[in-house]
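Visitor: Okay, handing you the structure first.
The values are calculated or read from the model by the stated rules, or taken from the named source; none is laboratory data. Since the model is a prediction, treat every value here as computed from it, not as a measurement. Cβ placement follows ideal geometry from the backbone for every residue including glycine, while neighbour counts extend to all protein chains displayed.
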Amino acid sequence: MARWQGQLTKIDDYRWEIPQNYKTGMRVPGLIYANKEMLESMREEQTLEQVANVAFLPGIVGHSFAMPDIHWGYGFPIGGVAAMDVKDGVISPGGVGYDINCGVRLLRTSLSEAEVRPRINELINALFRNVPSGLGSEGKIKVSQKEMNQLMMEGARWAVKRGLGSEEDLNVTEEGGCLSGADPGKISDKAVKRGLPQAGTLGSGNHFLEVQVVKEIFDPHIASIMGIDKVGQILVLIHTGSRGFGHQVCTDHLRVMEGAVSKYGIRLPDRQLACAPVKSPEGQDYLAAMACAANYAWVNRQCIAHWTRESFSKVFGKSTEALGMKQIYDVAHNIAKIEEHIIDERKLKVCVHRKGATRAFPAGHKDTPTCYKEIGQPVLVPGDMGRCSFVAVGTEKAMVETFGSTCHGAGRMLSRGAARRSVKGQDVLQELESRGITIKTGNLPSLAEEASQAYKDVTDVIDVVHHAGISRKVAMAIPMGVIKG
Amino acid sequence: MNKTFEVIDHTADVGIIAYGADIEELFSNAALALFSLITELESIENIFHLDLEVSSQDMDSLLIEWLNELIYLFDVKHTLFNRFDIRSLTNNELKATCYGEDFDAMKHTLKVGIKAATYHMLKLDKNDDGFKAQVILDI
């Protein structure tokens, strides 16, 4: 792969610009959040070219953004943010990704490391039994075709109504766990068929369920409002999305968008950027279908959170209330949203694509939940299973600079193949176990693909967004037990 | 024997390069490459066959649709195939008979979950030796 030779202008230690004149056809400049070392590794791939390509899309405003965890995606880079004016801009399924509303949910407990460590094997086994995971896994909840329509429209509330969680969970879920505008009429039979058996499953690939120990608290006041009180406290992080359902929705609508590109005479530098005007029938149909898939993903995380609580309750012989198992927050990191932002001192309705990027709204924002109004929306940034994860909050600066967006994780550095060649699944398992991390997986060889050395260090990623001011780090936790699909 | 296919790396995912003396062989080999990623091809027996028809607007997207149809069948019906007779193939329509069996956990080892064939870096070329196609798969 040729090294990317494009021009970058340094703005400060954490911001770099791809000038608008880098390529004819760019409508805005690119803006990359990274330190110097990260930038070097980004140049090894065509990631930055993708940032420039996104800048071609009609209606894009501000910049085509790259977060520090950026890596090479399809058309859009993963870790990219782009906002399009709803009036004359486009929506692109590639700017959301295949796994619509892939995201993370964080639960807290009142348990300490000392209480959990002696029983971690028992706990991980209980979680592994209780949460369907792995390739081809099927859910414990049976969803009928008719119920599927309700599920798509109601999101997480659908699960709560069936006793899987509480109203309180919805209050601390992005969009209340339900994106409006969902229309099951825009969903193909194929998508429904893929979705029915997979509802309430963790899936495979980089998805996981992790029991974590708080290792460091950077901002005790903000952390305490989230219920993170002390080092040694146990948290649970759930990372999954919309499974085969979201993939089928994306595949179906990419096909429609292929036609739309020629119909509306849109000039694209990459076929995978296929898009349609937000206001066109094709654009509106995709938004309605995407909302169905986003809602499906929230049901998924809602169910898994419930079974996680059940498992803890069973192992520790206490109610989930007694174990203090409240939800801290749930964020989507593959999604497009219609939001209002201030651009050049005027209010503008934009379609914000966040692909491998997290919303990071500040304190006081109307969409920041009441309980977090004072501190800003929690941002959950998982790292790889051998390192650590971070909790942060959104800031005013993110609102001004990045349409209220920040990073989403560590970001892949090695391809899956390269990871498999450099290390064996069994060795990864042993290495992690020697460091006190218990792993349970249905697919041992694929564990190698998720090894630490395949990822950037999430600590570097979070430091960039923290110092750039687009989020503020609050706490760090390390894994103690992990379930990999 | 001529090359049939190769598996290539892509940062977040995986890719395939398929070869074929003619376009039919290319489509057949691309499907073989796909199933080689999912399980061991040798472990699949030809117990039943299924006729498939796929249509699209051009040859490039037909290849993507073809692979997506097979991914869909595996995801929903858990069917594995390792032999493909391409009965007819035009610029926008393909008719094929696929031979294989249902996934059986006692018999087949699942390697990777393939979720979609993408247009990213898609290449379909003809040269003196025949046809060659590159497809990146989302996993």
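Visitor: Between a first residue in region B:41-66 that is loosely packed, with under 14 Cβ neighbours inside 10 Å and a second residue that is assigned to a loop (DSSP other than H, G, I, E, B), which pairs have beta carbons less than 7 Å apart while being 6 or more apart in sequence or on different chains?
Guide: B:SER43/B:LYS107; B:SER43/B:HIS108; B:SER55/B:ASN92; B:ASP58/B:ASN91; B:ASP58/B:ASN92
Visitor: Return the residues of region A:15-46 that are of a type outside the set (A, V, I, L, M), touching a residue at least 60 places away in the same chain (Cβ under 8 Å), within 13 Å of A:ILE70 (Cα to Cα) and surrounded by 16 or more Cβ atoms within 10 Å (Cβ to Cβ); say none if nothing qualifies.
Guide: A:TYR33, A:ASN35
Visitor: Moving to a separate point now. Please verify whether region A:187-201 includes one or more residues that are modelled with pLDDT under 95 and in contact with a strand residue (DSSP E or B) (Cβ under 9 Å, 6 or more places away or on another chain).
Guide: Looking for residues that are modelled with pLDDT under 95 and in contact with a strand residue (DSSP E or B) (Cβ under 9 Å, 6 or more places away or on another chain), one finds at least one in region A:187-201, hence yes.
Visitor: One residue is enough: does region B:28-36 have a residue meeting the conditions part of a loop (DSSP other than H, G, I, E, B) and either away from chain A (no Cβ under 14 Å) or out of contact with any Gly (no Cβ under 8 Å at 6 or more places or on another chain) (or both)?
Guide: No, because not a single residue in region B:28-36 is part of a loop (DSSP other than H, G, I, E, B) and either away from chain A (no Cβ under 14 Å) or out of contact with any Gly (no Cβ under 8 Å at 6 or more places or on another chain) (or both).
Visitor: Kindly provide the set of residues from region A:74-87 that are away from chain B (no Cβ under 13 Å), in contact with a strand residue (DSSP E or B) (Cβ under 7 Å, 6 or more places away or on another chain) and assigned to a loop (DSSP other than H, G, I, E, B), ordered by number.
Guide: Residue satisfying the conditions is A:VAL86 alone.
Visitor: Starting from region B:7-18, keep only residues that are under 18 Å from B:ILE64 (Cβ atoms) and more than 7 Å from chain A (Cβ to nearest Cβ), then list their pairs with residues that are among the aromatic types (Phe, Trp, Tyr) and in a strand (DSSP E or B) whose Cβ atoms are within a distance under 6 Å, requiring at least 6 positions of separation or different chains.
Guide: Hits for this filter: B:ILE16/B:PHE5; B:ALA18/B:PHE5.
Visitor: So which residues in region A:320-346 are among the basic types (Lys, Arg), at pLDDT 95 or above and farther than 25 Å from A:ILE234 by Cα, if there are any at all?
Guide: Scanning region A:320-346 gives a single hit, A:LYS337.
Visitor: When you look at A:ARG267, is it basic (Lys, Arg), within 18 Å of the chain's Cα centre (by Cα) and either buried (at least 18 other Cβ atoms within 10 Å of the Cβ) or part of a loop (DSSP other than H, G, I, E, B) (or both), yes or no?
Guide: no
Visitor: Here is a list: A:GLY134, A:GLY195, A:GLY232. Which entry is closer than 21 Å to A:ILE437 by Cβ and within 14 Å of chain B (Cβ to nearest Cβ)?
Guide: A:GLY134
Visitor: If I ask for residues that are without any contact (Cβ under 8 Å) to a residue 12 or more places away in the chain and more than 8 Å from chain B (Cβ to nearest Cβ), which ones from region A:238-262 would you list?
Guide: A:SER262
Visitor: Right, next: Suppose we filter region A:97-153 for residues that are of a type in the set (Gly, Ala, Ser) and assigned to a helix (DSSP H, G or I); how many remain?
Guide: 2
Visitor: Filter region A:432-463 for residues that are of a type in the set (Gly, Ala, Ser) and surrounded by 21 or more Cβ atoms within 10 Å (Cβ to Cβ); which is modelled with the lowest pLDDT?
Guide: The residue in question is A:SER446.
Visitor: Return the only residue of A:VAL214, A:VAL231 being surrounded by fewer than 17 Cβ atoms within 10 Å (Cβ to Cβ) and in contact with a Lys or Arg (Cβ under 8 Å, 6 or more places away or on another chain).
Guide: A:VAL231
Visitor: Okay, next question. Hey, does region A:442-453 have a residue that's within 20 Å of A:GLY103 (Cβ to Cβ), within 14 Å of another protein chain (Cβ to nearest Cβ) and assigned to a helix (DSSP H, G or I)?
Guide: Scanning region A:442-453, I find at least one residue that is within 20 Å of A:GLY103 (Cβ to Cβ), within 14 Å of another protein chain (Cβ to nearest Cβ) and assigned to a helix (DSSP H, G or I), so the answer is yes.
Visitor: Can you pull out every residue in region A:279-303 that is polar (S, T, N, Q) and part of a helix (DSSP H, G or I)?
Guide: Within region A:279-303, A:GLN284, A:ASN295, A:ASN300, A:GLN302 meet the criteria.
Visitor: Ok, one more. Only residues that are more than 13 Å from chain B (Cβ to nearest Cβ) and basic (Lys, Arg): list them for region A:454-479, please.
Guide: A:ARG472, A:LYS473 - these are the residues of region A:454-479 that are more than 13 Å from chain B (Cβ to nearest Cβ) and basic (Lys, Arg).
Visitor: Take A:GLU49 and decide whether it is within 14 Å of chain B (Cβ to nearest Cβ), surrounded by fewer than 24 Cβ atoms within 10 Å (Cβ to Cβ) and in a loop (DSSP other than H, G, I, E, B).
Guide: So A:GLU49 does not fit the description; no.
Visitor: Please determine, by comparing only the residues of region A:395-431 that are of a type in the set (S, T, N, Q) and within 14 Å of chain B (Cβ to nearest Cβ), which one is surrounded by the most Cβ atoms within 10 Å (Cβ to Cβ).
Guide: A:SER415
Visitor: Would you be able to tell me the number of residues in region B:37-67 that are touching a Gly at 6+ places or on another chain (Cβ under 9 Å), polar (S, T, N, Q) and within 13 Å of chain A (Cβ to nearest Cβ)?
Guide: Selection size over region B:37-67: 1.
Here's the yes/no breakdown for (1) buried (at least 23 other Cβ atoms within 10 Å of the Cβ); (2) within 8 Å of chain A (Cβ to nearest Cβ); (3) over 15 Å from the mean Cα position of the chain (by Cα):
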| residue | (1), (2), (3) |
| --- | --- |
| B:ASP75 | yes, yes, no |
| B:PHE81 | yes, no, no |
| B:ILE86 | no, no, no |
| B:LEU89 | no, no, no |
| B:CYS98 | yes, no, no |
| B:ASP104 | no, no, yes |
| B:LYS107 | no, no, yes |
| B:LYS115 | yes, yes, no |
| B:TYR119 | no, yes, no |
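Visitor: Examine region A:372-380 for a residue that is in contact with a His (Cβ under 8 Å, 6 or more places away or on another chain), modelled with pLDDT of 95 or more, over 26 Å from A:TYR286 (Cβ atoms) and small (Gly, Ala, Ser), and state whether such a residue exists.
Guide: yes
Visitor: Can we say A:VAL213 is of a type in the set (A, V, I, L, M, F, W, C), closer than 25 Å to A:GLY436 by Cβ and at pLDDT 95 or above?
Guide: yes
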